[in-house]
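Single-structure report; data block below.
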Amino acid sequence: MKHGPEPWRVKVVEPIHLPDRDLRRRRLEEAGFNVFAIPASDVYIDLLTDSGTSAMSDNQWAGLMLGDESYAGARNFYNFQRTIQEITGLPFIIPTHQGRVAENLLFSTLVRPGMKVPSNNHFDTTRANIEVHGGEAADLVIAEGRDPASEHPFKGNIDLERLDRFLAENGRENVPIAMLTVTNNSGGGQPVSLENIRGASEICHRHGVPFFLDACRFAENAWFIKQREPGQGHRSVREIAADMFACADGCTMSAKKDGLANIGGFVAMRDKGLFEQLKNMLVVIEGFPTYGGLAGRDLEAVARGLVEALDERYLEFRVGQVQALWERLDGAGIPLLRPAGGHAVYLDALRFLPHIPQERYPAQALTVALYLEGGIRGVEIGGVMFGTTDPETGQPRWPDLELVRLAIPRRVYTNTHLEYVAEVIERLHQNREGVRGLRMVYEAPVLRHFTARFEPADD
Ligand code: F0G
């Protein structure tokens with residue numbers, strides 16, 4: 001074992017079961033071969049996302065009982081606010097019910113048509129919230145971050161030279177804000193170094209552009225800095241996290257990740273004027289400024305979860321568990337995105353299923369095969385999610401990578417569960433010639449991956 005055992009014991013259990021193969025086949029047919037449409041009760045190991053799927057601690061559950069459901073000024077808000085101020089050093093805090101509302105508040109206030117917002121890689125909801133306001137989301141991750149085989153320790157880093165040039169070319173008037181996603185979810189859950197965060201901050205400030213972190217997985221990112229960055233090993237994760245936030249003018253946060261909560265989020269900032277603007281919008285779309293779309297008890301669960309997510313024994317196990325699954329699969333010759341991410345392992349479907357061409361959706365075919373073989377649910381990040389049609393030629397355009405993300409919920413599955421996952425994947429890999437491609441028979445005009453339907457394709 002490369003990491004210590006679970007730093008918790010189990011107090012409550014939730015039964016799960018593996019439906020038999022006939023039922024799994026039927027569920028896939030009913031779902032149009034799209035695992036989003038399969039009822040969760042018929043999923044055995046659910047690795048669809050690490051968002052909102054954490055197991056809360058006894059301390060968090062106890063906090064729920066202390067929920068103060070007053071409309072205004074609930075005591076839990078003050079605890080929530082103080083906790084975030086202490087961790088981030090950011091003075092002004094706005095609660096939201098999840099991360100994308102924090103993004104909506106920020107970008108609806110700052111972005112006007114034609115403006116551009118750079119990041120390492122924008123997450124889908126960040127991109128969408130910029131684009132609906134007529135803005136353009138620019139991804140400036142380093143070249144290694146786009147290479148699935150690169151072993152760079154900080155593949156989430158932003159290309160500082162490109163950022164500098166981007167800001168010089170576009171000018172402060174056209175770039176209302178710059179972001180950095182830590183860890184970089186769309187780039188494989190890869191971390192960003194403290195040196196890179198400092199560099200990006202310095203460049204943005206030299207150009208007069210506010211610099212924000214998309215901080216969903218800030219604690220996992222800080223853990224990677226402690227493990228991998230020269231000169232950081234002796235420092236606490238809390239100190240490192242404080243340094244990360246010290247570089248930023250603010251952050252957006254989905255507390256469904258490193259908040260270890262099932263719902264919640266916030267936006268935090270230094271600028272009082274911006275805070276007042278966002279607060280006014282909050283009242284229109286979410287709720288009063290001391291609850292922002294959350295129950296008092298949820299504010300308490302987030303406040304307690306944020307502290308627990310910085311516990312180094314927890315982080316060692318958490319990141320180590322993901323790493324151990326990655327190493328076992330890598331050792332068995334399974335094609336993977338390298339190196340392991342903080343929250344997920346990504347299967348490389350183009351190399352896993354080389355007999356299935358991109359127009360037959362190999363990553364989608366692999367998610368279907370995983371469910372059929374073992375009741376495991378992952379998520380396709382490939383041609384279904386990112387494939388487009390060239391507006392001029394009408395020809396399909398395919399993304400570079402066809403991946404299946406296996407996101408590991410926090411504190412939910414034991415190592416035995418993940419051994420089972422590894423066994424199923426290894427078995428599937430041995431019998432990979434039997435996996436068939438798919439033909440898409442229905443797609444919605446936007447975000448088609450959620451509702452697309454497929455049929456097996458034999459050609
Ligand atoms: N930013 C990042 C980096 C994310 O990973 C997510 C959500 C969000 C923002 C939006 O937060 O869901 O609370 O509104 N990621 C989830 C995932 C959905 O599965 O990766 P939200």
Exercise. Among the residues of the stretch 18-32, write down those that are open to solvent by less than 30 Å² (accessible area, probe 1.4 Å) and either within 16 Å of LEU306 (Cβ to Cβ) or of a type in the set (A, V, I, L, M, F, W, C) (or both).
Key: LEU28, ALA31
Practice problem: Please verify whether the stretch 70-83 includes one or more residues that are in a loop (DSSP other than H, G, I, E, B), within 16 Å of the ligand (Cβ to nearest atom) and at pLDDT 95 or above. | Solution: no
Exercise. Only residues that are in a helix (DSSP H, G or I), small (Gly, Ala, Ser) and closer than 30 Å to GLU69 by Cβ: list them for the stretch 288-335, please.
Key: GLY296, ALA301, ALA303, GLY305
Practice problem: Look through LEU403, LEU428 and report the one residue that is in contact (Cβ under 8 Å) with a residue 24 or more places away in the chain, within 16 Å of the ligand (Cβ to nearest atom) and open to solvent by less than 70 Å² (accessible area, probe 1.4 Å). | Solution: LEU403
Practice problem: Test ILE94 against the stated conditions and say whether it is within 16 Å of the ligand (Cβ to nearest atom) and assigned to a helix (DSSP H, G or I). | Solution: no
Quiz item: Between a first residue in the stretch 158-175 that is within 10 Å of VAL209 (Cα to Cα) and a second residue that is assigned to a loop (DSSP other than H, G, I, E, B) and open to solvent by less than 30 Å² (accessible area, probe 1.4 Å), which pairs have beta carbons less than 9 Å apart while being 6 or more apart in sequence or on different chains?
Solution: LEU167/VAL175; LEU167/VAL209; ARG172/VAL209; VAL175/VAL209
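For (1) assigned to a loop (DSSP other than H, G, I, E, B); (2) touching a strand residue (DSSP E or B) at 6+ places or on another chain (Cβ under 9 Å), each residue gets a yes or a no:
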{"residue": "PRO5", "(1), (2)": "yes, no"}
{"residue": "TRP8", "(1), (2)": "yes, no"}
{"residue": "GLU14", "(1), (2)": "yes, no"}
{"residue": "ARG24", "(1), (2)": "no, no"}
{"residue": "ARG27", "(1), (2)": "no, no"}
{"residue": "PHE33", "(1), (2)": "yes, yes"}
{"residue": "PHE36", "(1), (2)": "no, yes"}
Quiz item: Just to be sure, is ARG198 more than 16 Å from the ligand (Cβ to nearest atom), out of contact with any strand residue (DSSP E or B) (no Cβ under 9 Å at 6 or more places or on another chain) and either at pLDDT below 95 or in a loop (DSSP other than H, G, I, E, B) (or both)?
Solution: no
Self-check item: Residue identified as part of a loop (DSSP other than H, G, I, E, B), at pLDDT 95 or above and touching a Pro at 6+ places or on another chain (Cβ under 8 Å) among ARG338, ARG351
Solution: ARG338
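The values are calculated or read from the model by the stated rules, or taken from the named source; none is laboratory data. Keep in mind that this is a model prediction, so the values were computed, not measured. Neighbour counts are summed over all protein chains in view; Cβ atoms, including those assigned to glycine, are modelled from backbone coordinates with ideal geometry. Note: areas computed on protein heavy atoms with side chains; ligands, DNA, RNA excluded. Shrake-Rupley method; radii C 1.70, N 1.55, O 1.52, S 1.80 Å.
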